[in-house]
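Chemist: Pasting in a structure now, in structure tokens, and then I'll have a few things to ask.
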Amino acid sequence: MMRIIKAKSYQDLSRKAANIISAQVILKPNCVLGLATGSTPLGTYRQLVEWYRKDDIDFSKVTTFNLDEYVGLRPDDPQSYYSYMRQNLFDLTNLRPGSCHVPDGCAVDLAAACRDYDAAISEAGGIDLQLLGIGSNGHIAFNEPGAAFEKDTHIVSLRESTIAANSRFFPDGCVPRQAITMGIRLIMQARKILLIADGPGKRNALHRALYGPISAEIPASILQLHPDLTVICHVKEDD
Ligand code: PGA
């Protein structure tokens, strides 16, 4: 089942997404959340932190798994997704550090780190609610166009265009060239998926993902087959 909710503004999108996550935590205090990085979820995290500070949401029993991480960045590197999560959610709530998981991009044996991540998700009982963004080319996490649908956590080489776009964040020139990412099969196993898309730049990808043919060219199009997908979008040109 697919629900599409049109938000009036980015703030409206963020509050609606935070409401759905909050409802999940209220209904199942020990739930497993799948989390995303990027610019779109920032407002959602800000709202969740605000509600936590008002004592309206309790993360003490929640477990989280993030979608992806750069290979070669230490968790404390300011550009790592782990740092992003600490700054925007983990350190600002009562999530227990041992319950917050981000793939280990610094593992000596990356293949083993991928297997361990899959195993940790299984051991936690699987993901109850996965928060997802969408790229303007239809990617989800680091599953770019052409990615195989049947993968769990795996290593990907970043595209030259992504490396170039990221280079501004890495003045020393050490721009990550690989990432460790949940694959599409693993993402599809989440019991619920919450996809958020903001800005006219996402409009075409979102339309193709939701209404076009299911194709590896638009990785997010596989979400049409998910039994419990909620999309919150704010992609009109004029608002
Ligand atoms: P964004 O990224 O939220 O920064 O637009 C979304 C994505 O690329 O998955």
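The values are calculated or read from the model by the stated rules, or taken from the named source; none is laboratory data. Everything quoted here is computed from the prediction, not taken from an experiment. Backbone-built Cβ (ideal geometry, glycine too); neighbour counts: all protein chains shown. Accessible surface areas use protein heavy atoms only, side chains included; no ligands, DNA or RNA. Shrake-Rupley method; radii C 1.70, N 1.55, O 1.52, S 1.80 Å.
Chemist: Answer yes if at least one residue in the range 39-57 is within 11 Å of the chain's Cα centre (by Cα) and open to solvent by less than 10 Å² (accessible area, probe 1.4 Å), and no otherwise.
Modeler: Yes, the range 39-57 contains a residue that is within 11 Å of the chain's Cα centre (by Cα) and open to solvent by less than 10 Å² (accessible area, probe 1.4 Å).
Chemist: Still on this structure: How many residues are open to solvent by 50 Å² or more (accessible area, probe 1.4 Å) and farther than 15 Å from GLY183 by Cα when one looks only at the range 105-145?
Modeler: Adding up the residues that qualify gives 6.
Chemist: Among the numbered conditions (1) surrounded by 15 or more Cβ atoms within 10 Å (Cβ to Cβ); (2) more than 18 Å from the chain's Cα centre (by Cα), tell me where ALA165 comes up short.
Modeler: (1)
Chemist: Scanning the range 17-73 for residues that are among the small types (Gly, Ala, Ser) and in a helix (DSSP H, G or I), which turns out farthest from the ligand (Cβ to nearest atom)?
Modeler: Narrowing the range 17-73 to residues among the small types (Gly, Ala, Ser): 17-18, 22-23, 34, 36, 38-39, 43, 60, 72.
Okay, now just the ones that are also in a helix (DSSP H, G or I), so 17-18, 22-23, 43.
Numbers: ALA17: 12, ALA18: 15, SER22: 20, ALA23: 22, GLY43: 10 Å.
The extreme case among them is ALA23.
Chemist: Right, another one. List the pairs whose first member sits in the range 126-154 and is at positive phi and away from the ligand (no atom under 12 Å from the Cβ), whose second member is assigned to a strand (DSSP E or B) and open to solvent by 20 Å² or more (accessible area, probe 1.4 Å), and whose Cβ atoms are under 6 Å apart, counting only residues at least 6 apart or on separate chains?
Modeler: Sorted first by the residue in the range 126-154, then by its partner, the list stays empty.
Chemist: Of all residues in the range 208-224, which are open to solvent by 40 Å² or more (accessible area, probe 1.4 Å) and either over 16 Å from HIS139 (Cα atoms) or part of a loop (DSSP other than H, G, I, E, B) (or both)? Please lay out each step first, then the result.
Modeler: Our first condition is that a residue be open to solvent by 40 Å² or more (accessible area, probe 1.4 Å); within the range 208-224, this holds for 208, 211, 213-214, 217, 224.
Residues satisfying the conditions are PRO213, ILE214, GLU217.
Chemist: Then there is this: Could you check the range 143-177 and list, in sequence order, the residues that are in contact with a helix residue (DSSP H, G or I) (Cβ under 8 Å, 6 or more places away or on another chain) and either more than 27 Å from ARG115 (Cβ to Cβ) or among the β-branched types (Val, Ile, Thr) (or both)?
Modeler: Of the range 143-177, the ones in contact with a helix residue (DSSP H, G or I) (Cβ under 8 Å, 6 or more places away or on another chain) are 143-145, 147-155, 158, 173, 175-177.
THR153, ILE155, GLY173, VAL175, listed by residue number.
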